[in-house]
Amino acid sequence: MAGTLISVDWDAFSGTRELVFDAPIWGTRDREYDRLDAWRDRAVKRGGRAWSVLEEDFPLYPGWEALRGLAGVPAFVALSHAEAWAWLQRFPGRDVLNVDSHHDLVSFSGDGTRVRPGNWAGLGLRAGLIGRYTCLYPAWHAGLPVAEGFDLDRTRAELAELLPGDVLARVTLARAGAGPGGGLESILGGVEAVLLVQSPAWTSPAHDGAFFEVVGALGGETLSSPLRRSSATVVW
């Protein structure tokens with residue numbers, strides 16, 4: 001019997017606090033600079049020579065530990081959600097749960113018909129590669145007004161202007177509960193396959209160790225290689 005696909009973007013856990021105005025959640029591109037050197041600039045700005053100086057403004061929120069419970073499920077690892085289309089093609093028509101700080105339903109840059117990290121889910125719904133789609137925002141969005149998951153009604157109203165009605169009808173927006181596991185333990189059953197995405201432009205190098213700990217627990221196939229930035233020099 002076909003199960004649910006679960007996609008996990010590391011930016012659901014490697015996040016930010018309120019009013020940190022150089023945080024990528026306010027908007028960032030996804031260039032090579034944004035994946036490493038922009039984080040160097042943030043660390044230097046905070047007077048540090050180690051990635052740990054970022055932790056006060058860019059914490060690793062709890063809940064990621066529950067991902068170890070997916071060990072044994074067919075797993076795929078990627079640098080970004082640009083690889084999600086190939087993943088969906090292996091399991092066409094399944095329902096998808098995306099644990100993410102972004103809904104990935106619409107891309108606001110470039111050709112909207114081209115698969116991008118920001119629109120893979122929306123295009124997957126239109127193409128029939130996804131049955132029903134749920135974006136589960138992290139619990140910490142509840143305290144961050146700029147975040148998509150802060151006001152789900154607001155975000156859905158924005159999507160209503162951008163998606164056809166029949167596509168939007170198959171979309172659910174939700175926010176994880178508070179607590180150590182963020183409610184993830186209760187949804188990890190019945191998962192057919194998991195995609196773990198690093199998204200380094202949005203996630204702190206200080207949290208790469210935890211990310212690769214999960215990668216090691218899940219094993220699986222690498223669709224595109226994540227970056228090992230934690231050993232990179234902060235200041236040249």
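Residues in segment 119-153 that are on the phi > 0 side of the Ramachandran plot and either of a type in the set (A, V, I, L, M, F, W, C) or touching a Phe, Trp or Tyr at 6+ places or on another chain (Cβ under 6 Å) (or both): 0 in all. Is it the case that some residue within segment 216-223 is over 16 Å from the mean Cα position of the chain (by Cα), surrounded by 14 or more Cβ atoms within 10 Å (Cβ to Cβ), at pLDDT 95 or above and more than 27 Å from residue 29 (Cβ to Cβ)? Looking for residues that are over 16 Å from the mean Cα position of the chain (by Cα), surrounded by 14 or more Cβ atoms within 10 Å (Cβ to Cβ), at pLDDT 95 or above and more than 27 Å from residue 29 (Cβ to Cβ), one finds at least one in segment 216-223, hence yes.
The residues listed here are 157, 121; of these, the one that is surrounded by fewer than 16 Cβ atoms within 10 Å (Cβ to Cβ), among the aliphatic types (A, V, I, L, M), at pLDDT 95 or above and closer than 17 Å to residue 174 by Cβ is 157.
Annotation note: of 132, 228, 170, 175, the sole residue that is basic (Lys, Arg), touching a helix residue (DSSP H, G or I) at 6+ places or on another chain (Cβ under 8 Å) and over 23 Å from residue 24 (Cβ atoms) is 170.
Quick check, is residue 139 in contact with a helix residue (DSSP H, G or I) (Cβ under 6 Å, 6 or more places away or on another chain) and surrounded by 18 or more Cβ atoms within 10 Å (Cβ to Cβ)? Taking the combined requirement at face value, the residue does not satisfy it.
Residue-wise test of (1) free of Cβ contacts under 8 Å to residues at least 60 places away in the same chain; (2) under 21 Å from residue 18 (Cβ atoms); (3) not charged (D, E, K, R).
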position	(1), (2), (3)
134	yes, no, yes
138	no, yes, yes
143	no, yes, yes
147	no, yes, yes
152	yes, yes, yes
159	yes, no, yes
163	yes, no, yes
170	yes, no, no
173	no, yes, yes
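In segment 128-236, counting only helices (runs of 4 or more DSSP H) that sit wholly within it, the ones holding 3 or more residues that are of a type in the set (Gly, Ala, Ser) span 208-218.
The values are calculated or read from the model by the stated rules, or taken from the named source; none is laboratory data. Note that the structure is predicted; figures quoted are calculated from it, not measured. With ideal geometry, Cβ positions are generated from the backbone for all residues, glycine too; neighbour counts draw on all protein chains shown.
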